[in-house]
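Enquirer: Before I ask anything, let me first share the structure, which is written out below as structure tokens.
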Amino acid sequence: MQIEKIKIEEHNQELLKAHQRKFDFIAADVKDVDELLQKLIDFQVAIPSWALGTGGTRFARFGGGGEPRNLEEKIEDIGLLHALNKSSGAISLHIPWDIPENASHIKALAAQNGLKFDAMNSNTFQDQPGQEWSYKFGSMQHVNKAVRRQAVEHNIEVIRHGIELGSESLTVWLSDGSCFPGQLNFRKAFQHTLESLQEVYEALPADWKMFVEYKAYEPNFYSTTVGDWGQSLLYANKLGDKAYTLVDLGHHLPNANIEQIVSLLLMEGKLGGFHFNDSKYGDDDLTVGSIKPYQLFLIFNELIEGMDAKGMNHATSLGWMIDASHNVKDPLEDLLQSVEAIMVTYAQALLVDRAQLAAAQDNNDVVTAQELLQQAFRTDVRPLVAEARRRCGAALNPLGLFRSEKVRENLVRQRGSKTVATGL
Ligand SMILES: [Mn+2]
């Protein structure tokens with residue numbers, strides 16, 4: 001399904017007067033509002049192909065109907081999101097769930113929808129039908145070299161698919177680890193993993209990046225072989241210039257100071273990509289900004305501070321991706337909410353007066369530092385984000401238009417009520 005331009009224009013026309021009033025109110029207080037709006041327009045968040053269907057838990061999955069049945073329909077769904085908000089102009093694919101049968105056709109379809117291919121994701125955390133060796137006891141860490149070889153070859157195959165589609169990065173997330181003390185020799189597991197990653201690294205094209213994603217626990221519950229940012233950074237440093245750490249917001253132990261992690265990784269030039277989601281307890285994969293919006297703001301504050309310190313382009317220097325799963329919401333509505341939360345938080349962090357904050361820090365003026373951060377966080381920037389959308393032809397209220405156009409009802413009619421998208 002596509003949303004016609006005229007529908008977006010009509011929708012915007014209806015909301016324009018009220019929007020203009022709110023926008024003028026906040027714009028009066030923003031220094032160089034056009035520059036800020038351009039940053040918002042440029043900022044694009046990649047949508048993962050596995051988040052377009054209902055996720056579920058190990059207990060149950062309650063499908064919602066109209067889910068994409070193949071890669072073409074996944075691209076159409078993200079194209080629809082992008083038409084509504086013009087901030088989700090990229091797709092992140094997962095192999096083997098999304099192997100393109102005809103790469104040039106898939107590439108053309110994505111281009112028609114205004115989408116680029118962001119990081120490719122490999123999968124050695126599941127066994128696939130017909131696979132020779134099992135990953136039950138790990139993949140790149142495995143004690144058997146044949147299993148490690150199979151995992152390496154799979155990653156190289158993912159790179160090949162990515163090259164055909166025009167992607168420029170590979171994300172490696174390993175579920176490798178152990179469930180019980182004594183199961184694993186930590187040093188051997190690390191060395192095997194490093195050697196396997198090195199073989200994949202050798203196969204990377206010159207202009208590609210490799211993102212090494214870490215996760216504290218689950219599915220392994222005693223140790224994880226890429227368990228935290230320190231371990232990921234060790235691998236990335238040993239691998240070389242094209243290897244970076246990827247931060248997934250849900251992959252830390254409780255109460256970790258993620259903003260500090262982000263700041264130091266940027267300082268080291270080793271932050272490569274980002275997976276947005278939110279959580280209350282663990283890797284909950286909830287809608288971005290739904291549980292801890294202030295934490296997200298503090299992270300964006302460090303991202304901007306750290307990127308500006310190095311003269312990095314906010315939109316293009318890092319891989320920005322959502323990694324979420326939807327159990328009770330319409331996946332597309334959830335993704336619209338997530339992208340909106342990211343844009344709102346980015347806009348708030350852009351409002352922080354950096355010169356005043358640096359002065360407060362240098363003077364040990366703790367109170368002023370807090371005031372400056374909270375002043376930005378408590379500003380309702382939604383009219384700025386909406387104005388950025390309006391200026392590039394997107395909808396003032398993407399979620400409202402999604403509902404009034406009855407998008408889900410149309411997708412159910414087209415695709416059926418029992419479709420199941422491949423993915424988590
Ligand atoms: Mn992730």
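Enquirer: Between residues in region 8-30 that are in a helix (DSSP H, G or I) and residues that are at pLDDT 95 or above and among the polar types (S, T, N, Q), which pairs lie under 7 Å by C-beta distance while being six or more apart or on different chains?
Expert: Leu15/Asn397
Enquirer: Sort through Asp308, Asp330 and tell me the only one that's closer than 22 Å to Asp284 by Cα, among the acidic types (Asp, Glu), more than 16 Å from the ligand (Cβ to nearest atom) and out of contact with any Phe, Trp or Tyr (no Cβ under 6 Å at 6 or more places or on another chain).
Expert: None of the other options fit; the residue is Asp330.
Enquirer: Taking only region 335-357 into account, find how many residues are within 16 Å of the ligand (Cβ to nearest atom) and free of Cβ contacts under 8 Å to residues at least 60 places away in the same chain.
Expert: 0
Enquirer: Tell me which of these Thr193 doesn't satisfy, since it passes every other one: (1) more than 16 Å from the ligand (Cβ to nearest atom); (2) without any contact (Cβ under 8 Å) to a residue 40 or more places away in the chain; (3) closer than 18 Å to Asn121 by Cβ.
Expert: Every listed condition holds for Thr193 apart from (2).
Enquirer: From Gly89, Gly66, grab the single residue that is surrounded by 20 or more Cβ atoms within 10 Å (Cβ to Cβ), out of contact with any strand residue (DSSP E or B) (no Cβ under 9 Å at 6 or more places or on another chain) and not acidic (Asp, Glu).
Expert: Gly66
Enquirer: Quickly run through region 394-424 and pick out the residues that are over 22 Å from Phe25 (Cα atoms) and assigned to a loop (DSSP other than H, G, I, E, B).
Expert: Listed by number, the residues that qualify are Glu405, Lys406, Gly416, Ser417, Lys418, Thr419, Val420, Ala421, Thr422, Gly423, Leu424.
Enquirer: Does region 237-248 hold any residues that are of a type outside the set (Asp, Glu) and either away from the ligand (no atom under 16 Å from the Cβ) or surrounded by fewer than 23 Cβ atoms within 10 Å (Cβ to Cβ) (or both), and which are they?
Expert: Residues satisfying the conditions are Asn237, Lys238, Leu239, Gly240, Lys242, Ala243.
Enquirer: Further question: Given the criterion small (Gly, Ala, Ser) and within 16 Å of the ligand (Cβ to nearest atom), identify the matching residue among Ser134, Ser139, Ser169, Ser178.
Expert: Within the list Ser134, Ser139, Ser169, Ser178, the selection yields Ser169.
Enquirer: Quick one: in region 196-214, of everything that is crowded, with 23+ Cβ neighbours inside 10 Å and under 13 Å from Ser175 (Cα atoms), which residue is farthest from the ligand (Cβ to nearest atom)?
Expert: Across region 196-214, the extreme among qualifying residues is Val212.
Enquirer: Any chance you could count how many residues in region 219-268 are in a loop (DSSP other than H, G, I, E, B) and among the acidic types (Asp, Glu)?
Expert: Residues in region 219-268 being in a loop (DSSP other than H, G, I, E, B) and among the acidic types (Asp, Glu): 3 in total.
For every residue, the table says whether it meets (1) under 18 Å from the mean Cα position of the chain (by Cα); (2) of a type outside the set (D, E, K, R); (3) modelled with pLDDT under 95; (4) within 30 Å of Lys242 (Cβ to Cβ).
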| residue | (1), (2), (3), (4) |
| --- | --- |
| Ile304 | yes, yes, no, yes |
| Gly311 | no, yes, no, yes |
| Leu335 | yes, yes, no, yes |
| Glu340 | yes, no, no, no |
| Ala359 | no, yes, no, no |
| Leu372 | no, yes, no, no |
| Phe377 | no, yes, no, no |
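The values are calculated or read from the model by the stated rules, or taken from the named source; none is laboratory data. Owing to the predicted nature of the structure, the values given are computational and were not obtained by experimental measurement. Note that each Cβ is placed from the backbone with ideal geometry, even for glycine, and that neighbours are counted across all protein chains shown.
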